[in-house]
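> Pasting a structure here, questions to come.
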Amino acid sequence: MTDKETKYDAVIVGAGVSGLFMFYKLKNMGLSVLVIEKSDELGGTWNWNRYPGARCDIPSLEYSYQFDEELQQEWNWSEKYSAGPEILEYLNHVADKFDLKDYINFEEEVIQAKFNEDSCLWSVSTNRQKYVTKFCIFATGCLSIPNKPEIPGLESFEGELLHTATWPREEQNFTDKNVAIIGTGSSSIQTIPEIAKDVKNLYVFQRTPNYSIPSNNGPMDKDVEAQVKARYSEFRKENSLNGFGLASLSDEAMISESDLEEVNSQFEENWNTSGLAFFGGYADIPVDVNSNEVAANFVRNKIKEIVSDQETAEKLCPKYHIGGKRLCVDTGYFQTFNRENVHLIDLNASPIKNVNSNNIEADQDYEIDVLILATGFDAMTGALTSLDILGRNEVNLKDQWKEGAKSYLGLGVSNFPNLFTITGPGSPSVLSNMMPSIEQHVNWIADCIGWMSENNKSVIESTKTAEDEWMELVNEIADMTIFTSTQSWYNGSNIEDKAKAFLPFIGVPVYTEKLEEITAAEYQGFIFDKSN
Ligand code: N01
C-alpha cells in the first residue's frame, strides 16, 4: 500500500452490469469516478461463470439495457435466450460505445472501506493503494461469492477441481474422462447436458432435486424482435408492471377457480413456450399451496415422462413447493439422464463419505478425473460481508448483519452514510429481471446524488427505524407466499453460520410504487447531514 491517496466523488466497486451503468451515469453528471474491478475483464457474472452451457434464463430482448434508445435498437441478439459469451460481447460493446473501459482499474481488489466521521469521506483500501471518496457504491452483484462447502477429503483430490462460478477461460477437454459434479441448481442444470456429450462417465451428486422448465430456446425470431423494437419503451414499461418484472407473467387467472383439465392443457402450452414464465402462468401458484401443488405435479409428471428409468425419474422429482428454490430453465436436462454415461447419485440415500486422490466414496467408489463444484453462492450479502466495510463508530457491516441483513430499499444501510448498494437485500433483485432492477437502482442513486448537490446536502444515511420497518414489510409479503417454506439461498439456508432471513422484496410494481413515494417525499426514511 502506498501513501498516495487519490480523491474521488465516487468509487464504484465492480464492473459488471450494474457497475458499468453506474459509471456511465455519474461520468455524465461530471463527477470524478473510479471503478475498481477484481478481474482483468468486465462483465461480472458473465465474466466469472464461463461453464459450458452458461446462458441467461431471461429472454434476450428483456435482459438488456434500456437507458439508450440507439443501443437497444442497434444490438441484435442471435438467440431467444443469450449464451454467456454473447452477453459478454454485448457488455464490451456497451463499454466501448460509451467509452467506459479506460476508467476502470482492473485486477484491483477492494479490501476495506472505512467511513471517516470527521471528514465524512470514505477511505477505500485495495491490494494496490488507498482512495478517498465521498460516495462509495457497491455494484458487487447478488451471486458473486462462490459457495465452497466443506466436503470431507476434498483437499486430497489430485484431479482437476473446478467451480462453475470461477470457470477457467481456457476450453476444458473432458473427452473420455470420468467427471463428477456436485450440486443440481441452475448452473449444474445448464452445464450437465453440455458436459455429458463428451465425457466417458458423468456422475451427478444430487442433494436436492430442482424443478426445471424447458427454455424452448432457438434463433431469435426476427419478426418478434422487430415488433418489440418498434415499441421498446412500451414493452419495457408493460413488463415492469408484472410481479416479477418479466413479460407474460401477468396472467390473472387462478388455478383454484379453474377447471383442472383446462389448467393442465394451459400448462402443456406453457411448458412448450414459456421457460421461467411458467411460474407466473397462474396468479395463485406463488401464494396458494394447493394451486402450487397442481403446478408442481404437472412438472413431476413431465420428469417421469421424459426420464426412462423410473427410479431415476423419482429421484429427480422435487418434493417441495415449485418456486421455493429458484426455478431453473434448461435445454435437455432431464433427457440427459437417459444417456448411458450419466449416473445420478442420491446424496440423501448415500452421502459423500470422503473424497480421495482419485475417487469419491459414497454408496460405492466413483473413480474420477475431474470434480466440478456447482454448489452456488453466498447470495445477496456475500460480496459485502466478505470485505471489511466500516461505518460510524467503526461498526463492521458483517457484524451489523450477523442476525440478518437489514437495508432500506436495498439501497442504503444505517450507520453507513453515503454508501449505496445496487440491488441490495430488501429489493426485488433476484426475484426480478436483474437488468431493469439494476437500472432502476442506478437511476435512483444518480438522481439522489444530483438532488443532494442541488439542495446542499453532503451526507445521506437511512435511519434504523426505516430499515427495520422496511425489512418487516419484506418479510410480511414473503410470508404470504410459498417462498419462505423452502430451504434456499433466498433465505441463507445454503450457507452454514449465515442468518436465516428472507432477503428479496417480492413484487416489482409494489416496490417501484414505494420507491417513488419515498423519493417524492424528499427521501423519507433517510436523513441528511446527521451530526456526529
Ligand atoms: O447454485 P444453487 P447455482 N453437498 O445454490 C448443492 C443464478 N443462475 O450456481 O439444494 C452437496 O442454486 C445444492 O444442494 P441443496 C440463479 O438465480 C442464473 O446452480 O442445498 N450438494 C444445490 O443443488 C440460480 O438460482 C443463471 O440441497 C451441495 C447446488 O449445490 C443461482 O444463480 C444460470 C452442497 C447449488 O445450487 C444459483 O445457481 C445459473 C454440499 N455440501 C445460475 N452444497 C441464469 O440463467 C451445496 N450443494 C441467469
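The values are calculated or read from the model by the stated rules, or taken from the named source; none is laboratory data. Note that the structure is predicted; figures quoted are calculated from it, not measured. In this analysis, Cβ positions are derived from the backbone assuming ideal geometry, glycine residues included, and neighbour counts consider all displayed protein chains. Just the protein is used for accessible areas: all its heavy atoms, side chains included, with ligands, DNA and RNA removed. Shrake-Rupley method; radii C 1.70, N 1.55, O 1.52, S 1.80 Å.
> Hey, can you rank 521-527, 399-405 by average C-beta count inside 10 Å, highest first?
On the way: 521-527: 14.9, 399-405: 16.4.
Top to bottom by mean Cβ count within 10 Å: 399-405, 521-527.
> Amide H to amide H under 5 Å from residue 342: which residues, 5+ apart in sequence or cross-chain, H placed 1.01 Å off N in plane?
Counting only residues 5 or more places away or on other chains, the set is 202.
> While we're looking at this one, here's another question. With just the Cα atoms defining each centre, how far is segment 303-351 from segment 114-177? Give it in Å.
31
> Provide the gained length on full extension for the span residue 175 to residue 472, in nm with one decimal, where the gain is 0.36 nm per separating residue minus the Cα-Cα distance.
Details: separation 297, 0.36 × 297 = 106.92 nm, distance 5.17 nm.
Length gained, residue 175 through residue 472: 101.7 nm.
> Something else now. Could you grab the relative contact order for segment 391-532? Cα pairs under 8 Å, six or more apart, rounded to a whole percent.
Details: 189 pairs, mean separation 42.1, N = 142.
Computed over segment 391-532, the figure is 30 percent.
> Give the cross-link partners of residue 148 among the lysines, using a straight C-alpha distance below 18 Å as the criterion and excluding same-chain residues fewer than 8 apart.
Candidates past the 8-residue exclusion: 353, 498.
> Expressed in nm to one decimal, what extension gain is obtained for the pair residue 71 and residue 260 from 0.36 nm per residue of sequence separation less their Cα-Cα distance? It would help to have the intermediate numbers written out before the result.
Numbers: separation 189, 0.36 × 189 = 68.04 nm, distance 4.47 nm.
Using 0.36 nm per residue and subtracting the Cα-Cα distance, I get 63.6 nm.
> I'd like the accessible area for residue 93, computed on protein heavy atoms only with a 1.4 Å probe and all protein chains in place. Round to 10 Å², please.
Accessible area, nearest 10 Å²: 60 Å².
> In segment 248-295, which GluC sites (Glu not before Pro) fall in coil by DSSP and have 12 or fewer other Cβ atoms within 10 Å? Please report the intermediate quantities before stating the final value.
On the way: sites: 252, 257, 261, 262, 268, 269, 293; in loops: 252.
In loop regions of segment 248-295 (DSSP not H, G, I, E or B), the sparsely surrounded GluC sites (Glu not before Pro) are 252.
> What does the accessible area per residue of segment 456-508 come to in Å², with a 1.4 Å probe and no ligands, DNA or RNA counted?
Numbers: 2390 Å² over 53 residues.
On a per-residue basis, segment 456-508 sits at 45 Å².
> Further, regarding this structure: Students often forget the sequence filter, so: which aspartates and glutamates lie under 12 Å Cα-Cα from residue 7 once same-chain residues fewer than 8 apart are removed?
Within the straight-line cut-off, residue 7 pairs with nothing.
> Between 82, 273, 157, whose Cα lies farthest towards the positive end of the dipole of the chain when Lys and Arg beta carbons carry +1 and Asp and Glu beta carbons carry -1, centred on the Cα centre?
The residue sitting farthest along the positive end of the dipole is 157.
> Calculate for the chain the 222 nm mean residue ellipticity that helices alone would give, adding -39,500 (n - 2.57) per DSSP H run of length 4 or more and normalising by residue count, nearest 500 deg cm²/dmol. Intermediate results must be reported in sequence, preceding the final value.
Details: 16 runs with 164 residues, N = 532.
Per the formula, -9000 deg cm²/dmol.
> If you don't mind, there's one more thing I want to ask. Using only C-alpha positions, report the orientation-averaged shadow area of the convex hull of the chain, nm², one decimal.
Working: hull surface 98.7 nm².
Average projection, Cα convex hull of the chain: 24.7 nm².
> May I pose another question? Probe radius 1.4 Å, ligands and nucleic acids ignored: give me the carbon and sulfur share of the accessible area of the chain as a rounded percent.
Working: 10110 of 22350 Å².
The value for the chain is 45 percent carbon and sulfur by accessible area.
> Please compute the per residue accessible area over segment 215-271 with all protein chains in place, 1.4 Å probe, rounded to a whole number of Å².
So segment 215-271 comes to 60 Å² accessible per residue, rounded to a whole number.
> Residues of segment 25-51 with the amide nitrogen closer than 19 Å to a label point 7 Å from the Cα of residue 9, along Cα-to-Cβ, please.
25-36
> Still on this structure, I have one more. Amide H to amide H under 5 Å from residue 378: which residues, 5+ apart in sequence or cross-chain, H placed 1.01 Å off N in plane?
Close amide H contacts, sequence-distant or interchain: 145, 147.
> OK, next. Once each part is reduced to its C-alpha centroid, what is the distance from segment 457-498 to segment 229-263 in angstrom?
Comparing the Cα centres of segment 457-498 and segment 229-263, I get a distance of 26 Å.
> Find, among the GluC sites (Glu not before Pro) in segment 322-377, those assigned to loop by DSSP (not H, G, I, E, B) with at most 13 other beta-carbon atoms within 10 angstrom. Don't skip to the answer; put the middle values down first.
Details: sites: 340, 361, 367; in loops: 340.
Those satisfying the criteria are 340.
> For a quick check of your reading of the filter: which chymotrypsin sites (Phe, Trp or Tyr not before Pro) in segment 85-186 sit in a DSSP loop and have no more than 15 other Cβ atoms within 10 Å?
In loop regions of segment 85-186 (DSSP not H, G, I, E or B), the sparsely surrounded chymotrypsin sites (Phe, Trp or Tyr not before Pro) are 106.
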